[in-house]
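*Asks:* Mind having a look at this structure? Questions to follow.
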Amino acid sequence: MKKLSKKHMWLSGIASLLLLNACGSETAEEVDESVEADTSTDEQVLNVQLDVEVASMDPQIATDGTSFEVIANTIEGLYQTDSDGQAVAALVDTAEKSEDGLSYTFKLREDAQWSNGEPVTAHDFVYAWRRLADPDTGSEYSYIMGIAGLVNANEVLAGEKAPEELGVEALDEYTLEVQLANPVPYFESLMSFIPFFPLNEEFMNEVGDSYGISPETLLSNGAYTITSYEPAATTIKLDKNEDYYDADNVALEGVEYKVIKDSQQAMLSYQNGDLDLVTLAGEQVDLFKADPEFVNVQAGYLWYISPNTLVEGLENANLRKALATAFDKQQITETVLKDGSVPANYIIPDGLATGPDGKDFRETTDTYLEYDPEGAKESLEAAKSELGQESFTFGLLVEDTESAINVAQVLKSQIESNLEGVTIEIEQMPKKTRLERMKQADYDLGLTRWGPDYADPMTYADLWVTDGNNNDGSWSSEGYDEIVYSAIDGELSLDDEARWEALQEAESILMDDAGVLPVYQKGNAVMIQDNVSGIDFHAVGLPRVYKFAVKE
């Protein structure tokens, strides 16, 4: 029996892991007892492991890939992403683009409806987009309205104009008109991204601040509806939306998410048949990489350390460079992660986007901040001299997932070993708490990540402009700002080749100053039960999509 033999192999592997990681580890028997049995009797329900909780179900408030994945299974926007990662029509019936690229007219499908029976209209998009741009909403993604190039977006974001002056209008119930201040070559790709999803204004007014805290305070217009959810839930249940306009092409009867942070527990649950999709970590990859159910997926996520430049010492570029070059990224990816992740000596990921010359951004761009223990020591000595200080102690915020904790431990060990006088204190916490602490600048160093929202270097470059919504470390450079803003809606935005070269220069400015300390570009090693097919994995935007998944 295949399942039995694989479980025996896994339990043998557990024994090996326990010998390698004896400090405080659970025994295989203890882990096995903690695995909950699957209560679902529907064979057409896909059971999926998450290693972190959903942070928000609000499309204009959510910022993380886990939240995006669940939201995107329940709500659709103008476009969706196909199996090749390309933007294709979702709620759009027809789209017209003006010759100058400054105007879009979208005719919406008239057969799409919300789960309360109300039709999805152009007014829902106008409401949601104005809400996203409104400073009173406090969306961390509000800036992306400026990236999309809408008329008056920057003025609305700055509070200089009312949200009603944003360049979007409902010409009638099913016709949406968008006016851009400048051509945006990736505009349609952006429209598949979650912050641009619609919301029903009447429903939002009814539930108020309670939106997204329970199935009763959520609306769906997508392939699935939520039937079980609460903030920080460890189980989230989705049922097929029978009123979805494309329901005939949705084979699953539902999706059930289970938050399991311990990779051993998750794998045992998979072996028991309680999970259909599970993410592997560390030594598990070696144990299962030859298994036919093993899948290695290249992801676009970039993990990096964000130094808080407001903290004493971290305002010094030499100290940041010392930290950035004191750890071996190759060792982290090959001996700790083992999931297809690769060392990142850059901040714009490999495989993200191609330039006017048809080449990937990384093909024609330098690499930076490579592992260099001797150079790190020299940078540290320079920092000590400049700061008049011989020792430094910094906290490192890290979320409580197994892989993040393991990476943090290696970072601490290597930095302290290579940099005499530097002490790293790991602070472990749930992801949501880490994000909140970093947004409040209540940290020294933060091990964090960013996933690409659209296929252009700007999806990373705009993170570190001065006072940017996601510039948690408060790094600042006038030269960097000048390039990025010109590439968004200035002179550079009108010249593709000059823009591309300028964005390469911007990355160089950021890396040479060690404004952030790149660690690795994420790969995902997963197991998928052999009776499951049709799951789409994406490096840009949504990590995973289950609309066309099939469970035989």
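The values are calculated or read from the model by the stated rules, or taken from the named source; none is laboratory data. Remember, it's a predicted structure, so these values are computed and weren't measured experimentally. Backbone-built Cβ (ideal geometry, glycine too); neighbour counts: all protein chains shown. Surface areas here come from the heavy atoms of the whole protein model, side chains and all, with no ligands, DNA or RNA. Shrake-Rupley method; radii C 1.70, N 1.55, O 1.52, S 1.80 Å.
*Asks:* Carbon-plus-sulfur fraction of the accessible area of the chain, 1.4 Å probe, in percent?
*Replies:* Taking all protein chains in place, the chain shows 44 percent carbon and sulfur surface.
*Asks:* For the stretch 315-364, what is the relative contact order in percent, using Cα pairs closer than 8 Å and at least 6 residues apart in sequence?
*Replies:* Relative contact order, the stretch 315-364: 20 percent.
*Asks:* State to the nearest 20 debye the size of the charge dipole of the stretch 95-156 about its Cα centre, where the only charges are +1 on K and R beta carbons and -1 on D and E beta carbons.
*Replies:* 60
*Asks:* Provide the net charge surrounding LEU396, with neighbours chosen by a C-beta distance below 12 Å and charges set as Lys +1, Arg +1, Asp -1, Glu -1.
*Replies:* Residues close to LEU396 contribute a combined charge of -2.
*Asks:* Quickly estimate the mean residue ellipticity at 222 nm for the chain, helices only: each DSSP H run with n ≥ 4 gives -39500 (n - 2.57), and the total goes over all residues, rounded to 500. Each step should come with its number before you reach the end.
*Replies:* On the way: 17 runs with 163 residues, N = 552.
That calculation yields -8500 deg cm²/dmol at 222 nm.
*Asks:* Still on this model: Projecting each Cα onto the charge dipole of the chain (Lys/Arg +1, Asp/Glu -1 at the beta carbon, about the Cα centre), which of ILE147, ASN73, SER341 comes out farthest on the positive side?
*Replies:* It is SER341.
*Asks:* Label point 7 Å out from SER83 along Cα-to-Cβ: which residues of the stretch 238-252 have amide N under 18 Å?
*Replies:* Flagged as within label range: 247-252.
*Asks:* Evaluate E = 1/(1 + (r/R0)^6) for ALA290 and GLU420, where r is the Cβ-Cβ distance and R0 equals 56 Å; express this FRET efficiency to the nearest 0.05.
*Replies:* Using R0 = 56 Å, I get an efficiency of 0.85.
*Asks:* Normalised by the residues of the chain, what does the relative contact order come to in percent, with Cα pairs under 8 Å and at least six apart? Each step should come with its number before you reach the end.
*Replies:* Values: 1140 pairs, mean separation 103.0, N = 552.
Once divided by the residue count of the chain, the mean separation gives 19 percent.
*Asks:* Among TYR304, VAL550, VAL285, flag the residue with its Cα farthest along the positive direction of the charge dipole of the chain, charges on Cβ as +1 for Lys/Arg and -1 for Asp/Glu.
*Replies:* Positive-end residue among those listed: VAL285.
*Asks:* Considering only DSSP beta bridges with both partners in the chain, what is the antiparallel share in %, to the nearest 5?
*Replies:* Once the DSSP bridges in the chain are tallied, antiparallel ones form about 75 percent.
*Asks:* Post the alpha-carbon centroid distance, the stretch 74-136 to the stretch 235-309, in whole angstrom.
*Replies:* Using only Cα atoms to place each centre, the spacing works out to 28 Å.
*Asks:* Moving on. For GLU374 and ALA162, calculate 0.36 nm times their separation in residues minus their Cα-Cα distance, and state this gained length in nm to one decimal.
*Replies:* 70.9 nm
*Asks:* Now, a different point. How large is the charge dipole for the chain, taken about the Cα centre, if only the Cβ atoms of Lys, Arg (+1) and Asp, Glu (-1) carry charge, to the nearest 20 debye?
*Replies:* Numbers: 35 positive and 105 negative charges, 313 e Å.
Here the chain has a charge dipole of around 1500 debye.
*Asks:* So, one more: With helices defined as uninterrupted DSSP H runs, which ones in the chain have an alpha carbon span along their own long axis of at least 20 Å and mean Kyte-Doolittle hydropathy of at least 0.0?
*Replies:* 2-20
*Asks:* Another question, if that's okay. In nanometres, what is the gap between the two model label sites at GLU334 and GLU427, each 7 Å from Cα along Cα-to-Cβ?
*Replies:* So the two model labels end up 3.4 nm from each other.
*Asks:* Along the Cα-to-Cβ line of THR227, 7 Å from the Cα, sits a label point; which residues in the stretch 46-60 have backbone N less than 16 Å from it?
*Replies:* Answer for the stretch 46-60: 46-48.
*Asks:* Send over a whole-number figure in Å² for the accessible area per residue of the stretch 34-142, probe 1.4 Å.
*Replies:* 40
*Asks:* Points 7 angstrom from Cα along the Cβ direction at GLU43 and SER508: gap in nanometres?
*Replies:* According to this spin-label approximation, the distance is 6.1 nm.
*Asks:* Continuing with the same structure: Could you list, in their original order, any pairs among LYS258/LYS329; LYS261/LYS432; LYS237/LYS258; LYS258/LYS431; LYS431/LYS522; LYS289/LYS338 whose Cα atoms are separated by more than 20 Å?
*Replies:* Those over the limit are LYS258/LYS329.
*Asks:* While we're here: List the relative contact order of the stretch 412-536 as a percent without decimals, with contacts defined as Cα pairs under 8 Å and 6+ residues apart.
*Replies:* Relative contact order comes out at 13 percent.
*Asks:* Decide, for the stretch 224-277, between rounded, prolate and oblate: order the square roots of the alpha carbon gyration tensor eigenvalues as a ≥ b ≥ c, take rounded if a/c falls under 1.5, and otherwise choose prolate if a/b is larger than b/c, else oblate.
*Replies:* Verdict is oblate for the stretch 224-277.
*Asks:* Here's something else I'd like to know. What is the chain by shape, rounded, prolate or oblate, if you read a ≥ b ≥ c off the alpha carbon gyration tensor as root eigenvalues and call it rounded for a/c under 1.5, prolate for a/b larger than b/c, and oblate otherwise?
*Replies:* It is oblate, given that a/c is not under 1.5 and a/b is not larger than b/c.
*Asks:* Take peptides 170-179, 202-211 and line them up by average Cβ neighbours within 10 Å, highest first, as a rough protection proxy.
*Replies:* Highest mean packing first, the order is 170-179, 202-211.
*Asks:* Let me ask another. Applying 1/(1 + (r/R0)^6) with R0 = 41 Å to the Cβ-Cβ distance of GLU110 and THR234, what FRET efficiency is obtained, to the nearest 0.05?
*Replies:* 0.55
*Asks:* Of the beta bridges DSSP finds with both residues in the stretch 292-443, what % are antiparallel, to the nearest 5?
*Replies:* Antiparallel: roughly 10 percent of the beta bridges in the stretch 292-443.
*Asks:* Same structure, new question: What net charge is computed for the residues neighbouring PRO343, neighbours being all others with C-beta under 10 Å from the C-beta of PRO343, Lys and Arg scored +1, Asp and Glu -1?
*Replies:* Neighbour charge sum, excluding PRO343 itself: -2.
*Asks:* A further question on this structure: Using a Förster radius of 41 Å, what is the FRET efficiency between SER103 and VAL207 based on their Cβ-Cβ separation? Nearest 0.05, please.
*Replies:* Efficiency computed from Cβ-Cβ geometry: 0.75.
*Asks:* Per the Kirkwood formula on distinct C-alpha pairs, the Rh of the stretch 233-328 is how many angstrom?
*Replies:* About 18.1 Å for the stretch 233-328.
*Asks:* Now for a separate question. What is the local net charge at GLU374, summed over the other residues whose Cβ is closer than 15 Å to its Cβ (Lys, Arg +1; Asp, Glu -1)? Numbers along the way, then the final one.
*Replies:* Details: positive: LYS321, LYS377; negative: ASP328, GLU370, ASP372, GLU378, GLU381, GLU420.
For residues surrounding GLU374, the net value is -4.
*Asks:* Also: Please report, in debye to the nearest 20, how large the charge dipole of the stretch 451-552 is about its Cα centre when each Lys and Arg carries +1 at its beta carbon and each Asp and Glu carries -1 there.
*Replies:* The calculation lands at about 960 debye.
*Asks:* For TRP129, TRP450, give me the order by solvent-accessible area with a 1.4 Å probe, most accessible first, ignoring ligands, DNA and RNA.
*Replies:* My answer, sorted largest first, is TRP450, TRP129.
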